[in-house]
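Working notes, structure below.
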Amino acid sequence: MMLAATAAWFAWQEPDYGRVQVRSLEDLEQQLESLRTHLRIPGMSAAVGEGDRVVWARGFGTANRERAVAATADTIYGLASLTKPYASTLVLQLVQEGRLRLDDDVSRFGIVMERSAPVRVRHLLSHTSAEPPGARYRYDGNAFGALTQIVERTTGQPFARQLADRIIRPLALTRTAPNPGEPRPFWSLFTSVAVSPQDVERSRAAFMASGADRKSIEAGLAQGYARAWGRWIWPTGLVGPMRAMPHGFTLSTTSGLMASATDVTRFSIALDQGLLLDDRMRAEAWKRPLGLDGTPLPYALGWFVQDIRGRQVVWHYGHGLESSSLIVKVPGQRVTFVILANSDGLSRWRGLGDSADVMESPAATLFMNWLTSRLSVTTGFQLR
């Protein structure tokens, strides 16, 4: 109840971003900087991709306050759950190759989920593995994380190595890698995570398996931050000054990838180009499943999908303790927006996983305002 009240107060304090005019990338830049200040985010980076290239990218604020390092377009952040579109792409590659089927029972891979009916791979990918499987959407990062075991049993290799071999290296994403740090325990009134020596070893093994250059990743990595006071109630704090917080998640299919905004945009562009999935499989990734009543559910295969202002939008967010992230794609125009931050400010109190509505995000709303403005004129984008 306290968290709900806090979220309501937070929303009341904000302007109606849907009414903010954003006519140019310069306007977008100014509005994002204003948003960063409002949300007390120390640093963030954003990028826009159009067609086959990154057309705009900026850094805002500081990547590391203690070292006075400014955020740039190439600053690296924790993606948190924005890892999931990468993981789903890898899983769908295995389906495309005939090594895996979306309707495979997850028990085939040693995963035990006691349900009234078999849980399928597609149920994990679409957050529909709750009882009864396939009937309804409920965001479940732990269930999605079971895809790590499916990838590893199918390929015989660590997930981190497969991710590097199939996506990171082929696309020359030199600012994308698993978290180079070690997992950290945390405790609060509402949630806690313990860390065992095995967890630490798993984290080290994941980074090693990726083949990434530790020195360059650590040099470009933004320091994470969270509010100092009230961490015993909520792990990212409730009020007070922003204080450093380490990146704590090990790479899996559900979280733990680090990347720059420009690298995430290049990943998105590669999807549009057909470099990662063929047209049929990409369409499958963005096809909303149907619930028991025949109504489309909001999450497809690794992506949220919704219609906004008459256009299909596919998107995903990330909400870590010390970072937050968002990708918004408009496939019909082949336009991508990516924004990453070194606190949880982009996702804090938004409930994006529950509402499945990206317009609850001010950053997404500002981007859509800009895109709508651009599409209303004849210059810039092709109207389709």
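The values are calculated or read from the model by the stated rules, or taken from the named source; none is laboratory data. It should be emphasised that the depicted structure is a prediction, and the values quoted were computed from it without experimental measurement. Cβ placement follows ideal geometry from the backbone for every residue including glycine, while neighbour counts extend to all protein chains displayed. Keep in mind that these areas ignore ligands, DNA and RNA; they rest on the heavy atoms of the full protein, side chains included. Shrake-Rupley method; radii C 1.70, N 1.55, O 1.52, S 1.80 Å.
Yes or no, residue by residue, for (1) of a type in the set (Gly, Ala, Ser); (2) in contact (Cβ under 8 Å) with a residue 24 or more places away in the chain; (3) under 15 Å from residue 281 (Cα atoms); (4) loosely packed, with under 14 Cβ neighbours inside 10 Å:
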site	(1), (2), (3), (4)
93	no, yes, yes, no
100	no, yes, yes, no
106	no, yes, no, no
112	no, no, no, yes
118	no, no, no, no
125	no, yes, yes, no
130	yes, no, no, no
136	no, yes, no, no
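Within region 70-83, the set of residues being without any contact (Cβ under 8 Å) to a residue 40 or more places away in the chain and buried (at least 16 other Cβ atoms within 10 Å of the Cβ) comprises just one member, 72.
Applying a threshold of 6 Å to beta carbon distances and a minimum spacing of six or more residues, or different chains, the list of pairs starting in region 167-181 at a residue that is assigned to a helix (DSSP H, G or I) and ending at one that is surrounded by 16 or more Cβ atoms within 10 Å (Cβ to Cβ) and polar (S, T, N, Q) reads 168/176. Restricting attention to region 232-245 and to residues that are outside any loop (DSSP other than H, G, I, E, B) and open to solvent by less than 60 Å² (accessible area, probe 1.4 Å), the residue that is farthest from residue 175 (Cα to Cα) turns out to be 240. Restricting attention to region 214-231, the residues that are without any contact (Cβ under 8 Å) to a residue 24 or more places away in the chain and open to solvent by 70 Å² or more (accessible area, probe 1.4 Å) add up to 3. Quick check on region 56-68: of everything there that is assigned to a strand (DSSP E or B) and touching a residue at least 24 places away in the same chain (Cβ under 8 Å), which residue is surrounded by the fewest Cβ atoms within 10 Å (Cβ to Cβ)? Going through the qualifying residues, I end up with 56.
Residue count for region 59-109, restricted to those that are touching a strand residue (DSSP E or B) at 6+ places or on another chain (Cβ under 9 Å) and among the hydrophobic types (A, V, I, L, M, F, W, C): 14. Restricting to region 15-53, give me the number of residues that are basic (Lys, Arg) and either out of contact with any strand residue (DSSP E or B) (no Cβ under 7 Å at 6 or more places or on another chain) or without any contact (Cβ under 8 Å) to a residue 60 or more places away in the chain (or both). So the count comes out to 3. For residue 376, the criteria (1) polar (S, T, N, Q); (2) within 21 Å of residue 78 (Cα to Cα); (3) surrounded by fewer than 22 Cβ atoms within 10 Å (Cβ to Cβ) hold in every case but one, which is (2). Flag not set for residue 268, criterion: closer than 22 Å to residue 138 by Cα and within 19 Å of the chain's Cα centre (by Cα).
Can you pull out every residue in region 89-143 that is of a type in the set (Phe, Trp, Tyr) and assigned to a helix (DSSP H, G or I)? Scanning region 89-143 gives a single hit, 109.
Residue count for region 31-51 under the criterion of being more than 28 Å from residue 228 (Cα to Cα) and touching a helix residue (DSSP H, G or I) at 6+ places or on another chain (Cβ under 6 Å): the result is 2. Scan region 198-213 for residues that are more than 16 Å from residue 248 (Cβ to Cβ) and in a helix (DSSP H, G or I) and jot them down. Once the filter is applied, which keeps residues that are more than 16 Å from residue 248 (Cβ to Cβ) and in a helix (DSSP H, G or I), region 198-213 yields 205, 208, 209, 210. Whether any residue in region 54-71 is among the β-branched types (Val, Ile, Thr), more than 26 Å from residue 214 (Cα to Cα) and either over 19 Å from the mean Cα position of the chain (by Cα) or at pLDDT 95 or above (or both) is what I want to check. Among the residues of region 54-71, at least one is among the β-branched types (Val, Ile, Thr), more than 26 Å from residue 214 (Cα to Cα) and either over 19 Å from the mean Cα position of the chain (by Cα) or at pLDDT 95 or above (or both), which makes the answer yes.
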